[in-house]
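Have a look at the structure below, then the notes.
Readers should treat all values here as calculations from the given coordinates under stated rules, not as data from a laboratory. Since this is a predicted model, take the numbers as computed values, not measurements. When we count neighbours, we look across all protein chains shown, and the Cβ atoms used for this are built from the backbone with ideal geometry, even at glycine.
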Amino acid sequence: MKISYNWLCSYLSASPDVKELEKILTDCGLEVEKYEKVFSIEGGLNGLLVGKVTSCIKHPDTDKLSLTKVDIGNESELQIVCGAPNVEKGQKVVVATVGTTLFPRNGEPFEIKKTKIRGEVSEGMICAEDEIGIGLSHEGIIVLPDTVNVGEPAANYFGVEEDYIFEIGLTPNRVDAASHIGVARDVVAVLALKQNIQLLKPAVEAFKTGNEKSRIDVIVQNTEACPRYSGIYISGVTVNESPQWLKNKLKFIGLKPINNIVDVTNFVLHELGQPLHAFDADKIEGNKVMVDTLTEGTVFETLDGVSRILSANDLMIRNEKEGMCIAGVFGGSKSGITPQTKNIFIESAYFNPAFIRRTSKKHALYTDASFRYERGADPNITIYALKRACLLIQEVGGGEIPFPIIDVYPNPINDCKINFNFEYLNKIAGTEIPVQVQKSIIKNLEIKIDSETETELQLSVPPFKVDVTRKVDIAEEILRIYGYDKIEIPSQLHTTISTIQKPDKQKILRSISTYLTSMGFSEILTNSLSNSAYYSNQSDTVKVLNALSSELDTLRASMLYGGLESIAYNMNRRNTNLKFFELGKVYTRNENKYEEKEKLALFITGERFKESWNNPKMHSDIFELKGTVANLFAILSVCEKEVTTQYNLALQGLQDAITYSLKGSPIAIIGNVNKGLLKQFDIDKPVFFAEINIENLMKGLRTTGARYKEVSKFIGVRRDLAILFNKEILFSEVKELAFKTEKKLLKEVQVFDVYEGKNIESGKKSYAIAFYLQNEAATLTDKEIENSMQKIQRAIEQQLGGKIRA
């Protein structure tokens, strides 16, 4: 955003110099990216002087040139070769001296040098209008009145205005500073801490209207999209070129002057931050201004001559017959101001930021008006802005105001009420900021103090401070004006060191990434926006307001679908053996509470290894993925005995899913992706998926580091059992039950054979399982071994229906 130094200072009772202003703006959060000196005429006419032609004769070598002597107020006159047909002795002219750079209207800048022209020395140049950028004429040199003093800088005669333009990197939350008055407010708040200074707002007391019933009716059909609409009718205006002061103001900040009416609306926008729009009142069909939408697919031609196809959600300003303006974004070509316009209707409204943002993005229209409306304009400044604009229009274009202001504001937007404690700020700042300083800053930022006690203030924050809604925001406002650089950093910091060592989350995530990449996994990054059609339970999902696409209308509730999109993309390009992982967040809704959880997703599909002479083809399967998850748990020191499992679950998108829980909280799910879901993504190979809940996993990790454990000097024993089970019983269920039954002596359980077939009845399978027992404190006795194995055997028979085979 561009801010003019001269324009800004017109609202200050005392002006800082340019360097001081740069520091003030940056220190208070309005970072100055750069500033530069500018002129109302390019180059500022630097090096151009008023001269008098004391001699003018024909060039001795050509009839088309004149050889002149010019007095510019120095001891010696300049000899200048001139080609203008109108140069004569005695004229006052504009002279460019040697070393001056000229900025012509057409063409590139060039430097005047001492040179020879057809054998005669030329020590400068007598200039025409177009050569110095003040006009288009090249018929002859500029002839000045005799009253002009020789040697006077041409810039003085032509009234060249100079200024400094600051480019400010305005953050999205600081729409209150998206105007010269808004920036001046911050400057006053800073300077008031050390000097007496006031903010000088433009006076509107001279504004007067007639009492007749308005010729224009305003109807707001959608008060959610347009909470406030104000407007006024002005008759008998003269549309013309703007005066020079107004054109200069706009040109300095990069705007092109159009005509006096439109220029005033742009001036007020950059002065107050309130967008205005001017309509030709005689083109308002039916004398009705309606805030509404048009039929889906309506073609609307905007001011730039482009025909745009509207959606039914685009908020429009229309008359009885057709649209006149895309509300808050861009005007229409048919209702704009022309040289023939005599009567105008000025709009000053407040639009809901969400509606403007959606329309602006849809049509790729980014205007000064939409910039402010998207971030939140001030709903309570519309009338003041109208009065200011009317007075300026009457000044530069005449006109009468026969009707009162129209103001449709059914549900006024009130100030935000905040209780603010002085000590709260001091605690945050780590230093004591005097109460009077705090109150001064608050008042100068135009935050009202409704009441106060010795310890706190009851504040009313105006709507233009869209980002100030909590006491911490008030603290931030005070600190940025007071100056962070004034807060001393103590030489010693006092803090309490925690005696509990918490796992380092970032270190753990790096460990996970390092392990997975070493195992051949590739990291992917998918969109956190997802398609709501993927989710059967819509009530648990977080929908995006005003989504630009139906395929990206929900925040993802699972990492599954984004990964499947990546797999489908790769398979379409014949990259079929895939191992992916992704660290990211998922979002869910529980009644009115929103939850955000960090997850790790794993995907495996295709062949496990590349086929070679000593390595047969082997397809990826669920066991490979389970092994990866088990290894991750081991790396993170998850105690295997504390992990519980549930099997054969039907979770959305998965079949035969397994869930793992640690200390009662779910930490992982593993499963085969449902074939029907794979078909939706045109994936014709099995995909195995795991999702690990990082937050729950972190809660269950040990808080102590690795500890030494003495290797037992007592020999352990192995006992093998062949056990017959129903086919659906998983070995992991047997293993979990065994550890639960014999917690003291059982150290390890492994399956070394699985058999189905001959001599095994249908629907059954046999596990050959090795049980490893060991006593850390003494040598195992036969009785201890027998008792432990009997306990395990009974539990398996009673709870899992297993039968010991002979």
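Return one number: the angle in degrees, 0 to 90 and rounded to the nearest 10, between the long axis of the Cα atoms of helix 382-397 and the longest principal axis of the Cα atoms of the chain. Tilt relative to the chain: about 30 degrees. Applying 1/(1 + (r/R0)^6) with r as the Cβ-Cβ distance of N590 and E551 and R0 = 35 angstrom yields a FRET efficiency of 0.90. For the cross-link pairs K743/K791; K744/K783; K585/K735, the ones whose C-alpha atoms lie over 23 Å apart are K585/K735.
Note the full-extension length gain between R608 and L780 as 0.36 nm times their separation in residues minus their Cα-Cα distance, in nm to one decimal.
Details: separation 172, 0.36 × 172 = 61.92 nm, distance 4.25 nm.
Stretched fully, the R608-L780 segment lengthens by 57.7 nm.
First select every other residue whose beta carbon is under 13 angstrom from the beta carbon of D415; then total the charges, Lys and Arg +1, Asp and Glu -1. Numbers along the way, then the final one.
Values: positive: K417, K448, K465; negative: D378, E446, D450.
Neighbourhood net charge equals 0.
If packing is taken as the average count of other Cβ atoms within 10 Å, what order do 465-478, 688-701, 423-436 fall into, highest mean first? All intermediate terms of the calculation are to be shown ahead of the outcome.
Working: 465-478: 18.6, 688-701: 20.6, 423-436: 14.2.
Most protected by this proxy first, the peptides run 688-701, 465-478, 423-436.
If a spin label sat at a point 7 angstrom from the Cα of S665 along the line to its beta carbon, the backbone N atoms of the stretch 503-527 nearer than 17 Å would be those of 503-509.
When you count, for each residue, the other Cβ atoms within 10 Å and take the mean per peptide, how do 107-117, 2-12, 725-735 rank with the highest first?
On the way: 107-117: 12.2, 2-12: 19.1, 725-735: 15.8.
The packing order, highest mean first, is 2-12, 725-735, 107-117.
About the Cα centre, and with charges only on the beta carbon of Lys, Arg (+1) and Asp, Glu (-1), how big is the dipole of the stretch 424-541? Nearest 20 debye, please. Show your work: numbers first, answer last.
Working: 13 positive and 15 negative charges, 70 e Å.
The calculation lands at about 340 debye.
Tell me, what is the FRET efficiency for Q790 and S311 to the nearest 0.05, using R0 = 45 angstrom and their Cβ-Cβ distance as r? Provide the component values of the computation, followed by the final result.
Values: r = 75 Å, r/R0 = 1.67.
The calculated FRET efficiency here is 0.05.
Roughly how far apart, in whole Å, are the Cα centres of the stretch 748-806 and the stretch 560-583? Computed from Cα coordinates, the inter-centre distance equals 41 Å. Using the Cβ-Cβ distance between D130 and E241 with R0 set to 22 Å, the FRET efficiency works out to roughly 0.70.
Defining a contact as two alpha carbons under 8 Å apart and six or more residues distant in sequence, what relative contact order in percent does the stretch 416-486 show?
Values: 76 pairs, mean separation 28.1, N = 71.
It comes to 40 percent, rounded to a whole number.
A simple packing score, the average count of other Cβ atoms within 10 Å per residue, orders the peptides 385-393, 617-625, 563-571 as 385-393, 563-571, 617-625, with the highest score first.
For the chain, the relative contact order comes to 8 percent (Cα pairs under 8 Å, sequence separation of at least 6). At full extension, I449 and E748 could sit 100.5 nm farther apart than now, given 0.36 nm per residue minus the alpha carbon distance. Excluding V237 itself, what net charge comes from residues whose Cβ is under 12 Å from its Cβ, given Lys and Arg +1 and Asp and Glu -1? Summing Lys/Arg as +1 and Asp/Glu as -1 gives -3. Here is the link list: K543/K663; K593/K679; K201/K448. Which ones come out longer than 25 Å on Cα distance? Cα-Cα > 25 Å for K543/K663; K593/K679; rest within. One Cα centroid belongs to the stretch 51-111, the other to the stretch 144-199; the line between them spans 36 Å. Report the Cα centroid-to-centroid distance between the stretch 242-307 and the stretch 595-634 in angstrom, as an integer. Rounded to whole Å, the Cα centres lie 61 Å apart.
Would you list S549, S558 from fewest to most Cβ contacts within 10 Å? Intermediate results must be reported in sequence, preceding the final value.
Working: S549 9, S558 22.
Neighbour counts put them in this order, fewest first: S549, S558.
For a footprinting-style exposure proxy, rank F739, F464 by other Cβ within 10 Å, fewest first. Walk me through the numbers before you get to the answer.
Numbers: F739 16, F464 22.
Listing F739, F464 from fewest to most nearby Cβ atoms yields F739, F464.
Hey, got the dipole for the stretch 1-90? About the Cα centre, +1 on K and R Cβ, -1 on D and E Cβ, debye to the nearest 20? Walk me through the numbers on the way to the answer.
On the way: 10 positive and 14 negative charges, 66 e Å.
Dipole size: approximately 320 debye.
Across the stretch 267-327, the relative contact order, built from alpha-carbon pairs under 8 Å that are at least six residues apart, equals 30 percent. Placing a label point 7 Å from the Cα of D682 along the Cα-to-Cβ direction, the residues of the stretch 539-568 whose backbone N falls under 19 Å of that point are 551-552, 561-568. Computed from Cα positions, the angle between helix 471-482 and the longest principal axis of the chain comes to roughly 50 degrees. For K579, a cut-off of 16 angstrom between C-alpha atoms picks up these lysines, skipping any fewer than 8 places away in its own chain: K610, K626, K685.
Please identify every one of the trypsin sites (Lys or Arg not before Pro) in the stretch 752-790 that sits in a loop by DSSP and has no more than 13 other beta carbons within 10 Å of its own beta carbon. Could the numbers behind the result be given before it?
Numbers: sites: K758, K764, K765, K783; in loops: K758.
Here the sparse-neighbourhood loop sites are K758.
Relative to the dominant Cα principal axis of the chain, helix 560-571 is inclined by about 80°.
Using Cβ contacts closer than 10 Å as the measure, can you line up R228, R573 from fewest to most? If you can, show how the numbers build up before the last one.
On the way: R228 23, R573 7.
Final ranking by Cβ density, sparse to dense: R573, R228.
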